[in-house]
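Some notes on the structure that comes next.
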Amino acid sequence: MSIVVIAVLALSALALTFGAVLGFASVKFKVEGNPIVDQIDSLLPQTQCGQCGYPGCRPYAEAIANGDAINKCPPGGEATITALADLLDVEVVPLDSEHGESKGKQVAYIREDECIGCTKCIQACPVDAILGAAKQMHTVIVSECTGCDLCVDPCPVDCIDMIPAPSGIRDWAWDMPKPPTNNGAIIATDQNNGMAA
Amino acid sequence: MRQIWDFHGGVHPPENKSQSTSRPIRKATLPRTLILPLSQHIGQPAKALVAPGQKVLKGEVVAAAEGPVSVAVHASSSGTVTAVERRPVPHPSGLSDICIVIETDGEDAWTHLTPCEDYRSLSPEQLLERVRQGGIAGMGGAGFPTAIKLHPPRNDKVNALILNAAECEPYITADDMLMRERADEVIRGMEIMAQLLEPEECLIGIEDNKPAAIAALKQAASGTHIEVVVIPTKYPSGGEKQLIKILTGLEVPHGKIPADIGVMCQNAGTAAAVYRAVRFGEPLISRITTVTGDGVATPGNFEVLLGSPMSDLLQQAGFDASKTDRLIMGGPMMGFTLTDPNLPLVKTSNCIMAVSAKEFPRPDPAQACIRCGLCAEACPAELLPQQLYWFAKAQEFDKAENYNLFDCIECGACSYVCPSSIPLVQYYRYAKNQIRVTAQEQQKSDKARERFEFRQARLEREKEEKEAKRKARAEAAAKAQAEKVAQQQDAPAEVDPKKAAIEAAIKRAQAKRAPAPAQAQAQAQVNIAELQTNVDKAREKLEKVRETLAESDGANAAMQEKLSNAIAKNEERLAAAEKALHDAQNSAQGTPAASNATPATQADPEQQARAIARTRDKIKTLTQAIEACRETDPQRAAQLTETVEKTKAKLAELEAESAPTDKAIDKPPEPNLEELTSQVEKARDKLSMMQGMLDDARAEQPADEAKIAKLQRAVEKNQDRLAAAQKTLEEARTQASGAGVKAASPEEIEALTSALEKAQDKLAMMQNMLSEAQQESPMDEAKVAKLSRAVEKNQDRVAAARATLNEARGDAAENQTSTDGAGA
């Protein structure tokens, strides 16, 4: 009988102790929000273009965290999908063309002599990259433009173009060396066969 | 002999230096055009200061340094600026960049220079400034701004100043020839740098394959504290980190710069440039460049103006295009192929090679890595090139980074030894670029996120501010409203409603009787008396008109109408006169004598008065309907009469209700009760009178049923009223016994009194009419109708009198008398 009592007491004591520890830990080390959302958000290109169907990158990050597809971000393209797949440990899937195509880096360009100064594009710009005032000509701060093209639609005179981002000599990057091909094979017989074994 | 160390790896490629050392430095001819790229250095491009068409002199600044890491550009010769535009520049990409194009005038006229003989006495700041103005960038190959390098950011103590004269790369002999011919300049330049940095030791590291240069340097350096250290020839001992290791045994840690370990490396060419800038004030407008390779007949070194087209230089070296497979800037190990022979020479162009295919065969096609490990043995940075290659190829850049990809100096030793001819360095460059681009993109996206979030926060804040403003406005409005209300309420609350009312009454009375209260009172009395007489007169007149009407009855319809009109008018006049009288009485009540008059609630009596008026209207209508259908439909008339009776009962009720309410507005109980009692008496009198009339009518004209009915109704009504009056009286009594003394508002008293008066008048009128009707033709329907109307009017007035009754009680005793007199 006493063994049973001791066992019950011991187990109860253990349960209480660990319960207290866990309870303390849950308060002390409480994680605010979902950390995975931040990680996903940091991988998204932050164009805030909404092509994914969500009003900005963070909402899409939240959606991905809740199980949405990772291939809805055209500005991020393949690289973003790969990074997301890595992070979430899921299969890499091709970009969902329904949400648009990866066009490469773009920036908005305002044809300034056509601008009527309506400020509509300024209001549409998610990153405050358009400078101007009412009835004053507007212009795009190229270094801040994310190329989301949200300013194009609101323009009443269609004076905004999306042009490829200017790439100067300082943006140039070395290409990946071409992988060895069989055409360049050293052994003559391989060349004739056209294919290596 | 100084101890030297060895660095890991390294290779010994064929040197091929002798071709270009056989001839002394030649001065290149003045080119027709100079193309000066704004970015000949690491860091931000300089900012052009000249415009097309502008004349410039040799040594004049044409582009100023912009930003913390930048270098000015000077005109290499005198001439005219023809363009500031994009031109192809020597860069592995073959892309264009902004350049200042100068058409030389052949005069080669120097701008004003400020030489300084006694440069040894200059302060470090002054020296640095002269170096900065000289536009000097590192001439070894990377092109880091020398002025910045000479001014370590944290003012780290430089223990060892090292002059890099190793020139380990094959083919290149520019530094070698410079040291051979201008060892003095190099040594002086180094002395200036030492003056700036005050190092503990000054070392010149030079490979043992340049005996002539070593001799010249040793000679020039004799008598100075500069030590010329001869090191074994091995590629890439000229690498900064490798040279530091060789000379000091120290290794630059990962991610650090030599300044962090107290070492500074400068190129021999840079030292010479620093000397010329400090001593003569000459900016960096020329350099020694090696032109070599199978493609040139007379390879050698040229002192060439910066911005000179390479084609010019190549021509002077006997360029043979047929023998040339490609042009390379830099050495065979680290240089890159040029796409265009017309590219300008820049501050970092130490060597131009026109190589034949035999001399520099195209690289064999890369084959699979056989994991031989030769690259790892050759790597001077002790990396694992093979691993880096795999990671770069698989685009696993984070892993490559973990394998210290960024410690790679891209010396090409690994590629040189690779048996599979894998372009390893290209892979590393690619991987490095990708990592940098990713980091930049990450930075940009972080910035975009920051801006986006800031914008969101801003919009939110603006919304909140707007809301707060709106709320504040609403609150202010509400407050203002509340204050208004409070002011309205507060004043009486503070003073007590009674007092306020009294005060108001006093004020009004005073306004009316400005001279003196006593006199005013007397005057008011006189006025009232006058008005009283007016009223009496008007009444008399009315009576007369009525009599006339009665007399003329039946004789002349037109006349009758006129008379009726006259009566109506007279009635109106009478009413007006009565009103005036009561106004006067009211103002008289406003005097201190009447100060025990109290204000009363207004809303309720008003409502009831309205209800009563409505009921009265109804009765009127009904009575008219009865009259209309009396002849045609007696039954219906009877029904209607019943309805009228009911409505009248209701009216009576309403009046009864209104009476107590009025009474609740407590008044001086004594006169009140008296009044009520007198009213009741009067009503009783009237009732008995009416009954008498009714009896008479019945006796005289039993046929005239309509009239009898009417009279009966009148009697009934009077009975009702009597009952109501009695009730009121009783209630007043109870109240008087229970409640405190309160006064009726003057307005109310006024209205009620006037109503009472009217009712009394009309009753009298009705009496007359009835008597007339009794006396004269009973069968005259028209007259009966008229009488009916008169009765109705009278009824109205009586009802009004009922409402007024209670207010009248509030009258002061003196006024009371006059009112009663008027009523009588």
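Ordering B:ASP312, A:ASP153 by the number of other Cβ atoms within 10 Å of each residue's own Cβ, fewest first, gives A:ASP153, B:ASP312.
Contact order, relative form, for segment B:383-495: 20 percent (alpha carbon pairs under 8 Å, 6 or more residues apart, mean separation divided by residue count). When the pairs B:LYS17/B:LYS256; A:LYS72/A:LYS178; A:LYS30/B:LYS256; B:LYS210/B:LYS241; B:LYS544/B:LYS579; B:LYS47/B:LYS241 are compared against a 27 Å limit on Cα-Cα distance, B:LYS17/B:LYS256; A:LYS72/A:LYS178; A:LYS30/B:LYS256; B:LYS47/B:LYS241 fall above it. Using the Cβ of B:VAL56 as centre and a radius below 14 Å, the other residues enclosed give a net charge of -3, where K and R count +1 and D and E count -1. Count charges around B:LEU95 for me, please; just the other residues with Cβ under 12 Å from its Cβ, Lys/Arg as +1, Asp/Glu as -1. Residues close to B:LEU95 contribute a combined charge of 0. Around the amide H of B:LEU203, modelled in the peptide plane, lie the amide H atoms of B:LEU161, B:ILE162, B:LEU163, B:GLU227, all under 5 Å away and 5 or more residues distant in sequence or on another chain. With a Förster radius of 30 Å applied to the C-beta separation of B:ALA568 and B:ALA529, the computed FRET efficiency comes to 0.65.
Sequence-distant contacts, meaning Cα pairs under 8 Å at least 6 residues apart, place the relative contact order of chain A at 15 percent. As a proxy for reagent exposure, ranking B:TYR389, B:TYR119 by other Cβ atoms within 10 Å from fewest up yields B:TYR119, B:TYR389. Which of the three applies to segment B:249-339, rounded, prolate or oblate, going by the alpha-carbon gyration tensor with a ≥ b ≥ c and a/c under 1.5 meaning rounded? Oblate, since a/c reaches 1.5 and b/c is not below a/b.
Mean separation of Cα pairs under 8 Å and 6 or more residues apart, divided by the residue count, gives segment B:305-396 a relative contact order of 26 percent.
In terms of its alpha-carbon gyration tensor, chain A comes out oblate; a/c meets the 1.5 threshold, while b/c is at least as large as a/b. Under a model in which nothing but the beta-carbon of Lys, Arg (+1) and Asp, Glu (-1) is charged, segment B:18-355 shows a dipole of about 220 debye around its Cα centre. With both labels modelled 7 Å from their Cα along Cα-to-Cβ, the B:SER311 to B:LYS537 distance reads 13.0 nm. Charge tally for B:LYS358 (other residues, Cβ to Cβ under 13 Å; Lys, Arg +1; Asp, Glu -1): 0. Using a cut-off of 24 Å between Cα atoms, the listed pairs B:LYS393/B:LYS444; A:LYS135/B:LYS444; A:LYS103/B:LYS447; A:LYS105/B:LYS399; B:LYS541/B:LYS717 include B:LYS393/B:LYS444; A:LYS135/B:LYS444; A:LYS105/B:LYS399; B:LYS541/B:LYS717 as exceeding that distance.
Lacking any other cysteine beta-carbon closer than 4.7 Å, the following Cys residues of chain A have no compatible partner: A:CYS52, A:CYS57, A:CYS73, A:CYS115, A:CYS118, A:CYS125, A:CYS145, A:CYS155, A:CYS159.
For a test of the definition: using alpha carbon positions, the gyration tensor, and the 1.5 limit on a/c, classify segment B:18-355 as rounded, prolate or oblate. Oblate shape, in that a/c is at least 1.5 and b/c is the bigger or equal ratio.
Within segment B:148-204, the GluC sites (Glu not before Pro) that combine a DSSP coil assignment with at most 16 other C-beta atoms in a 10 angstrom radius are B:GLU200. Taking the number of Cβ atoms within 10 Å of each Cβ as an exposure proxy, the fewest-first ranking of B:VAL304, A:VAL140, A:VAL152 is A:VAL152, A:VAL140, B:VAL304. Look at where the Cα atoms of segment B:434-481 and of segment B:1-60 average out, and the two centres are 52 Å apart.
We did not get these values from a lab; they are worked out from the coordinates using the rules stated. Keep in mind the model is a prediction, meaning the values are calculated, not measured. Glycine gets a Cβ as well: all are built from the backbone with ideal geometry, and neighbour counts include every protein chain shown.
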